[in-house]
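Below is one structure; the comments refer to it alone.
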Amino acid sequence: MDDKIAIIYGTRPEFLKVFPIINEFRKLHVDICIVNTGQHDSLLREMENSFGIIPDHQLFVQSLSFTNSNLIAKLIDEISNLIHKENIQKIIAQGDTFTVLASSMSSFLEQRKFYHIEAGLRTSDITLPFPEEYNRRVVSLTADINFAPTELAKQNLLKENISEHKISLVGNSIVDMIQYVTKKENISVEYKDYVFITAHRRENIGQPLKNIAQAIKELAEENPETQFEWALHPNPNTRRIIMEVFENGASKNIHFTEPLSYLEAITKMARSKMIISDSGGIQEEAPSLQKRVLILREETERPEVITCNCGILVGTDIQKIKQNFNAIYHHPEEYIFKSENNPFGDGKASERIVKKILE
């Protein structure tokens, strides 16, 4: 009997990177079990609907009263029960969330094969970002195959004594996703007088986020012909901090929006001249969309985006944000990124991943 395969995800970013893999299995008429753990709710369901995905199992693991430990315990319990109920032999999960950590631990304890998508991303500090850096380091220890998106990620795994036969260099499936979406939706790359902004990471909540908002406020005042659009995060703490900076009013050329669908976000990024963000996903998407991105973090686990000169680490220093913006934004030779330098792959990661899993 063929081994039963499950793809497990629980957040919107995870879904974006496993969707091309689900698609590839479907092309080959391979039956898989799709599991949504429910770490994210409404935004993720909207995305599933947009791409025609109906999970075989919808878990409900999230609770406002849960600590991180409660959530992990609940995830392990639910995933372990599902493994036995469906007799799942191979488990695939992506990234660095608690869903991935729990999937890995359940697979190891129940002696199932585990495949980690986007393995090998590292920062120098196990607490940054918290708790993601811890999650991805732990997951690598027991994965049967670590699918590394870049050569640097592969080298990170080798330095941690992960056996080379457990590492497969495949590229990043987000490139597959962007190619699929831009072709399907006929989204073209443009360079309008427009800046797309997001900021939400846990380590930036507090004074760092105030600094970011102040920098954007000043840039908008100093560049009245430029439209600045800030897609807000659902987290009420981030909204409160941002809006406190603008409590006396914002320039007419800065607009705040509710969280965007993936298609809306890709469309806006594709028409922008520059992106300002602390998002890890956007760091990966920017090269495919030929955009430079100011990264609102002190360190990134995706240093390839820096090396290829697509991204610049500006942290949350007001002057550093403004200086780098002004050095790039008004100069086409600076703000246009050549897509052939994309360090994240060629859009065929999903093919390589599925082929390896089916060996």
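The values are calculated or read from the model by the stated rules, or taken from the named source; none is laboratory data. Nothing here was measured: the structure is a model prediction, and the numbers come from that model. In this analysis, Cβ positions are derived from the backbone assuming ideal geometry, glycine residues included, and neighbour counts consider all displayed protein chains. Remember, those area values only see protein heavy atoms, side chains included, never the ligands or the DNA or RNA. Shrake-Rupley method; radii C 1.70, N 1.55, O 1.52, S 1.80 Å.
Side notes on the structure shown:
- Considered as a group, the residues in segment 158-188 that are open to solvent by less than 60 Å² (accessible area, probe 1.4 Å) and part of a loop (DSSP other than H, G, I, E, B) include one that is farthest from residue 260 (Cα to Cα), and that residue is 163.
- Count - residues of segment 240-250 that are surrounded by 17 or more Cβ atoms within 10 Å (Cβ to Cβ) and outside any helix (DSSP H, G or I): 2
- Verdict on residue 276 being farther than 29 Å from residue 183 by Cβ and open to solvent by less than 40 Å² (accessible area, probe 1.4 Å): no
- Residues being assigned to a helix (DSSP H, G or I) and under 28 Å from residue 235 (Cβ atoms) - total across segment 23-52: 9
- Selection from segment 293-310 of residues that are open to solvent by less than 10 Å² (accessible area, probe 1.4 Å) and closer than 16 Å to residue 329 by Cα: 293, 294, 295, 310
- Condition met for residue 121 (more than 24 Å from residue 159 (Cα to Cα), open to solvent by less than 40 Å² (accessible area, probe 1.4 Å) and either touching a Gly at 6+ places or on another chain (Cβ under 9 Å) or not small (Gly, Ala, Ser) (or both)): no
- Selection status of residue 348, among the charged types (D, E, K, R), at pLDDT 95 or above and either in contact with a Phe, Trp or Tyr (Cβ under 9 Å, 6 or more places away or on another chain) or farther than 20 Å from residue 183 by Cβ (or both): no
- Here residue 353 clears all of (1) farther than 21 Å from residue 180 by Cβ; (2) at pLDDT 95 or above; (3) in contact with a strand residue (DSSP E or B) (Cβ under 8 Å, 6 or more places away or on another chain); (4) open to solvent by less than 30 Å² (accessible area, probe 1.4 Å) except the condition numbered (1).
- Top-ranked residue in segment 26-57 [being touching an Asp or Glu at 6+ places or on another chain (Cβ under 8 Å) and buried (at least 21 other Cβ atoms within 10 Å of the Cβ); ranked as nearest to residue 353 (Cα to Cα)]: 35
- Hits in segment 323-359 (condition: under 26 Å from residue 144 (Cβ atoms), in a loop (DSSP other than H, G, I, E, B) and out of contact with any helix residue (DSSP H, G or I) (no Cβ under 8 Å at 6 or more places or on another chain)): 358, 359
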